[in-house]
Amino acid sequence: MIHKRRRSLANVLLFSVLAGVGSGVIAAAAYMPAYSYDYNVRRWAPGCQEEVQVLGAVGDVPGSLAIYAADWEELRLAGFSPQRLWRFDEEAAAEQVFALVGHGIWRKQRLRPGDAITVLREGEPLTVPVAGVWHPFHPQLGDDWLVLVGKGVPAGASRLETLGPAPVPAFVERFGDRSYFFWLMLLAAPFTVYGAVGIAASRKGCALLSWAVKLWVGAAVAAATGLVTAAVVFRAFLALPLLSLLPATLGVMAASYLLASVLLTGTAFLLARGK
C-alpha cells in the first residue's frame, strides 16, 4: 500500500512537470507577448512630447529614426525617462556622444552595451558607442529608433518631427474577464483532465481526499515548472525584458493551477461525502 501511494505521488509529479512545460510554452508563446506589448506601452505613457528633434537614421535599419538630446535633462523633458532603459553601460555613457537604442535595433543588429553603431546624418556616417537599450514597444516610435545624447553633435541639420498621441492599449478589451478565465483554464487543461480521471477512478472517500492532496502538490510543481519553461522561451526566442515578464507569468501560472486545484478538490470533497 505504501509503495503504491509513493508510486501514485511520483506519477502525479511526473505528469505535473510535463503539464507545466506545456503550459509554460503556451503562456510564453501566445499569452505573454500580447501582455508584454500592452504592459510596456502603458509604462511608456504618456509617451513623448509632441515634437522630437530628428538627426537622421540608423544606416542598416530602413524607416528608423535617430533622435537628438543634448543631455540627460533634455532627454527627460522629451519624454525619454532613463527608468525606461532595459540595459545600461555606464562606461559607454561616459563618452562625449553615445546612443541609447530602441529594442528593435538592438535585436536586429545583435548589439550589446558598449558596441558601436553608425548613424547616417545627411548621408554622413557618425559612429558612437551604445550605452543602453530601451524597453520595447514605444507607443509612438515603435522599436526602430535611438537617441543620440551629447553636446558634441552638430544639430543644425536636424528637423523637428511631429508625433501623434500615444494610443491606449486594448489589453483589457482583448483579454477581458471572460477571456482571462479561458486562458487560465486552457493553461491547466491537461492537469485538470488528469485530476478528473483520478477522481473518477477513486472508489473510497479516503482515496478521494488523498488524491486531492496529491493534486495540490502537483499543481505547485506544475506552476513552478511552467514559470521556468516560460523564462527559457523568453530568453531563447522572444528577446523581451525577462524581469518585466516573470512576475506576471508567475501570477498567471499560479492562478491557473490554483483554479484547477480548487475545482478538483471541491469535486473530490463532494464525491467523498456521497461515499
Q) Against the longest principal axis of the chain, how steep is helix 32-44, in degrees 0 to 90 to the nearest 10, with axes from Cα atoms? A) 40
(Q) To make sure I understand the rule: partners must be aspartates and glutamates, Cα under 15 Å from the Cα of Lys108, and not fewer than 8 residues away in the same chain. Which ones qualify? (A) Asp60, Asp143, Asp144
Q. Hey, with R₀ at 22 Å, roughly what FRET efficiency would Phe88 and Arg110 work out to, going by the Cβ-Cβ distance, to 0.05?
A. 0.80
Q) Can you tell me the Rg and the Dmax, both Å, for the Cα atoms in the stretch 48-162? A) 12.4, 33
Q | Estimated vicinal HN-Hα couplings, Hz - the stretch 84-97 in sequence order (Karplus 6.51, -1.76, 1.60; Gly, Pro = x) | A | 8, 7, 7, 10, 8, 10, 4, 5, 5, 6, 7, 5, 4, 10
Q) If the chain were replaced by its equivalent ellipsoid, with semi-axes equal to the square roots of 5 times the Cα gyration tensor eigenvalues, what would those be, largest first, whole Å? A) 52, 18, 12
**Q.** Spin-label model distance (nm) - Ala189 vs Val262, 7 Å beyond Cα toward Cβ
**A.** 2.1
Q: For Val54 and Thr127, compute 0.36 nm times the residue count separating them, minus their Cα-Cα distance, and round to one decimal in nm.
A: 24.7 nm
Q: Could you compute the FRET efficiency for Ala200 and Ala254, with r as their C-beta to C-beta distance and R0 at 30 Å, rounded to 0.05?
A: 0.70
(Q) Using a Förster radius of 22 Å, what is the FRET efficiency between Lys151 and Leu242 based on their Cβ-Cβ separation? Nearest 0.05, please. (A) 0.05
Q | Stretchable slack from Val213 to Phe182, in nm (0.36 nm times residue separation minus alpha-carbon distance) | A | 8.7 nm
Q.
Run the numbers for Gln96 and Val232: contour at 0.36 nm per residue of separation, minus the present Cα-Cα distance, in nm.
A. 45.2 nm
(Q) Sort 94-101, 82-89 by packing, meaning the average of other beta carbons within 10 Å per residue, with the highest value first. (A) 94-101, 82-89
Q: Kindly express, to the nearest 10 degrees and within the range 0 to 90, the angle between helix 2-26's C-alpha long axis and the longest C-alpha principal axis of the chain.
A: 30
**Q.** Sequence-separation-based contact order of the chain, relative, with Cα cut under 8 Å and 6+ spacing, percent
**A.** 27
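No lab work stands behind these numbers, since they all come straight from the coordinates. From a predicted model like this one, the values you see are computed outputs, not experimental measurements. In this analysis, Cβ positions are derived from the backbone assuming ideal geometry, glycine residues included, and neighbour counts consider all displayed protein chains.
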